[in-house]
Amino acid sequence: MKILFQVSESEKIPLSFIAVANMASQKDVENVIAVYSETGIFGVLKNEEKNVSEILSNPKIQVYACGVAMKANNLTEKDLASGVRVAPISFYEIAKWQKEGYIYLRL
């Protein structure tokens, strides 16, 4: 099973770290992608480095920042926590991942 989380609200950031880690710990889950968009973008900045690095320590997990949200908030890749990738247009990437068989969950 492949899981795709979209975290689009800043108040859901703390829950997202728990949910992503818990999902990745399941034996039948192959891969987890977490995309931080809209106000959720603040969950993948350097000030969240500790939390992001904890989930990224699991090889099943990939974390992405939405490029559109970055631009809207005047953020660059230098502002992101280490290991976070950029999805230039996250809605497009989300659609592609769903087409590849990822199960979409929005927090």
Restricting the first residue to the stretch 1-24 and requiring it to be open to solvent by 50 Å² or more (accessible area, probe 1.4 Å), which pairs with a second residue that is at pLDDT below 95 and of a type in the set (A, V, I, L, M, F, W, C) meet a Cβ separation below 9 Å and a spacing of at least six or different chains? E9/L107; K12/L107; L15/L107
Between a first residue in the stretch 39-54 that is more than 14 Å from K78 (Cα to Cα) and among the acidic types (D, E) and a second residue that is in a helix (DSSP H, G or I) and open to solvent by less than 70 Å² (accessible area, probe 1.4 Å), which pairs have beta carbons less than 9 Å apart while being 6 or more apart in sequence or on different chains? E54/F17; E54/A21
Check V35 against each of (1) under 9 Å from the mean Cα position of the chain (by Cα); (2) open to solvent by 20 Å² or more (accessible area, probe 1.4 Å) and name the one condition it does not meet. (2)
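Matching residues to (1) hydrophobic (A, V, I, L, M, F, W, C); (2) open to solvent by 60 Å² or more (accessible area, probe 1.4 Å); (3) at pLDDT 95 or above:
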| position | (1), (2), (3) |
| --- | --- |
| G40 | no, no, yes |
| S53 | no, no, no |
| N58 | no, no, yes |
| C66 | yes, no, yes |
Within the stretch 56-88, tally of residues that are under 19 Å from L15 (Cβ atoms) and either in a helix (DSSP H, G or I) or in contact with a His (Cβ under 8 Å, 6 or more places away or on another chain) (or both): 2
Condition test on E77, is it touching a strand residue (DSSP E or B) at 6+ places or on another chain (Cβ under 7 Å) and without any contact (Cβ under 8 Å) to a residue 12 or more places away in the chain? yes
Name the residues in the stretch 68-88 that are among the small types (G, A, S) and either open to solvent by 70 Å² or more (accessible area, probe 1.4 Å) or farther than 11 Å from E38 by Cα (or both), would you? A72, A81, S82, G83, A87
Would you point out which residue out of V84, V68 is of a type in the set (V, I, T), without any contact (Cβ under 8 Å) to a residue 60 or more places away in the chain and touching a strand residue (DSSP E or B) at 6+ places or on another chain (Cβ under 7 Å)? V84
Condition test on S53, is it in a loop (DSSP other than H, G, I, E, B), within 25 Å of K2 (Cβ to Cβ) and not aliphatic (A, V, I, L, M)? no
Would you check if there is a residue in the stretch 89-105 being in a helix (DSSP H, G or I), loosely packed, with under 15 Cβ neighbours inside 10 Å and aromatic (F, W, Y)? yes
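The values are calculated or read from the model by the stated rules, or taken from the named source; none is laboratory data. Note that this is a predicted model, so its numbers are computed, not measured. Backbone-built Cβ (ideal geometry, glycine too); neighbour counts: all protein chains shown. For accessibility, only protein heavy atoms count, side chains too; no ligands or nucleic acids. Shrake-Rupley method; radii C 1.70, N 1.55, O 1.52, S 1.80 Å.
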